[in-house]
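Asks: Would you mind keeping the following structure in view while I ask a few things?
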Amino acid sequence: MTTTLTVTTSTTQYPVVVGAGVLATLADRLAALGLRGTLWLVADEHLAAVAEQTTTTLRAAGYCAHAITVPSGEHSKSFAELHRLYDWMIGNGIERRDAVLALGGGVIGDLAGFAAATVLRGVALVQLPSTLLAMVDAAVGGKTGINHPLGKNLIGAFHQPRLVLADTNLLATLPSRELRAGWAEVIKHGVIRDAGLFTALEDLAAARGWHAANPASWDANNAELTAQLTDVIARAVAVKVEVVSIDEFERGERITLNYGHTIGHAIEQLLGYRLLHGECVAIGMDAAARIAVALGLCPSELVERQRALLAAYGLSTTMPSDLDRAAILALITRDKKVQAGKVRWVLPTAIGQVIVRSDVPVDVIETVLSP
């Protein structure tokens, strides 16, 4: 089953296609979009074989296609890797009619996307997400960028793709930890906007007997399970598409997508990216929910319900013991969502509903961060 959604903003419109095997349709979809120039495929090093197969298929369809691989991990979202991409593209004669293809997770999408946004003042971008996290979040919406030593994602640009092609067959190749990290973003979308999605995830976990000791897994040989998981993935993607269509440049509604990210990003950086993004977001979601309870915005049952669902999909909400709480507070104040010197917190009021608050007392945050 293939689901096609459409991002429609004041500046652009593009399809987001979710389904098994859709990567095989790439050449035809590029032609339909009028993208006839040279293709520059940037791939995660673990997808070298997929990248080679993809470029071979594109060449057979008449395209000139080049490919380069990037080391896996958050450390690749750097000036050094960005300049390596520039050298590769410019040195081999990239032109403005060309397109950059990003094959990988959020790191590749951000890095290759920023290269596409800035080389020759901007060329077309196509996102080919291979991880669950990238499919439901990072690949949709046009956010691109790299990290700075003082914070994550502080250097970047909005550059909407011409196409997002999310082939769920690629999820079967992911390490279990990487797959589980992606469920944090799926669950996040249920908390912030789609209570029905949250309930569907709960029902699926209950039916499959998933819990902290026996969390969700992907079984490519189980057609029924694959269809169920693909359905909830498409539903999570729909949340991102809807929010981006409302607020392309994060001036309002789109900030809700950062639920769990304020503390999550700080944890990522302080631990030197020892934990995966989704793992940190899960911890951040739990902290944000507890802040909401402390402020009287939601009942404590919401925290427990959210924790249970995160655990069922293999995610811990326990903050690492070696974290410097004072350092977390310092990093939070440099978060890109800070406005007029105040941190804007995305906080739940119910499953499917959140609000943004800029008046969270420091002592509440310190209490939530306490061991």
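The values are calculated or read from the model by the stated rules, or taken from the named source; none is laboratory data. Values in this document were obtained by computation on a predicted structure and should not be read as measured data. Cβ: placed from backbone, ideal geometry, glycine included. Neighbour counts: every protein chain shown. SASA here: full protein model, heavy atoms, side chains in, ligands and nucleic acids out. Shrake-Rupley method; radii C 1.70, N 1.55, O 1.52, S 1.80 Å.
Asks: Based on this model, can you work out whether Gly151 counts as small (Gly, Ala, Ser), modelled with pLDDT of 95 or more, more than 21 Å from Ala51 (Cα to Cα) and touching a helix residue (DSSP H, G or I) at 6+ places or on another chain (Cβ under 8 Å)?
Replies: Spelling it out, it is not the case that Gly151 is small (Gly, Ala, Ser), modelled with pLDDT of 95 or more, more than 21 Å from Ala51 (Cα to Cα) and touching a helix residue (DSSP H, G or I) at 6+ places or on another chain (Cβ under 8 Å).
Asks: Tell me, which residue of the range 263-296 that is in contact (Cβ under 8 Å) with a residue 60 or more places away in the chain and not in a helix (DSSP H, G or I) is surrounded by the most Cβ atoms within 10 Å (Cβ to Cβ)?
Replies: That would be Leu276.
Asks: Looking only at the range 1-31, count how many residues are out of contact with any Leu (no Cβ under 9 Å at 6 or more places or on another chain), at pLDDT 95 or above, open to solvent by 20 Å² or more (accessible area, probe 1.4 Å) and among the aliphatic types (A, V, I, L, M).
Replies: Count: 3.
Asks: Does any residue in the range 232-257 that is over 17 Å from Ala166 (Cα atoms) come within less than 7 Å, Cβ to Cβ, of a residue that is among the polar types (S, T, N, Q) and in a helix (DSSP H, G or I) six or more places away or on a different chain, and which pairs are these?
Replies: Every condition considered, the pairs that remain are Val243/Thr256.
Asks: Now a separate question. Looking at the range 326-348, can you tell me whether even one residue there is at pLDDT 90 or above, open to solvent by less than 30 Å² (accessible area, probe 1.4 Å), within 27 Å of Pro299 (Cβ to Cβ) and not aliphatic (A, V, I, L, M)?
Replies: For the range 326-348, residues at pLDDT 90 or above, open to solvent by less than 30 Å² (accessible area, probe 1.4 Å), within 27 Å of Pro299 (Cβ to Cβ) and not aliphatic (A, V, I, L, M): present.
Asks: What's the total number of residues in the range 86-115 that are in a helix (DSSP H, G or I), surrounded by fewer than 22 Cβ atoms within 10 Å (Cβ to Cβ) and touching a helix residue (DSSP H, G or I) at 6+ places or on another chain (Cβ under 8 Å)?
Replies: 2
Asks: Is it the case that the range 19-40 has a residue that's under 19 Å from the mean Cα position of the chain (by Cα), under 17 Å from Gly113 (Cβ atoms) and touching a residue at least 12 places away in the same chain (Cβ under 8 Å)?
Replies: No, the conditions are met nowhere in the range 19-40.
Asks: Go through (1) in a loop (DSSP other than H, G, I, E, B); (2) open to solvent by 50 Å² or more (accessible area, probe 1.4 Å) for Glu304 and report which single condition fails.
Replies: Result: Glu304 fails condition (1) only.
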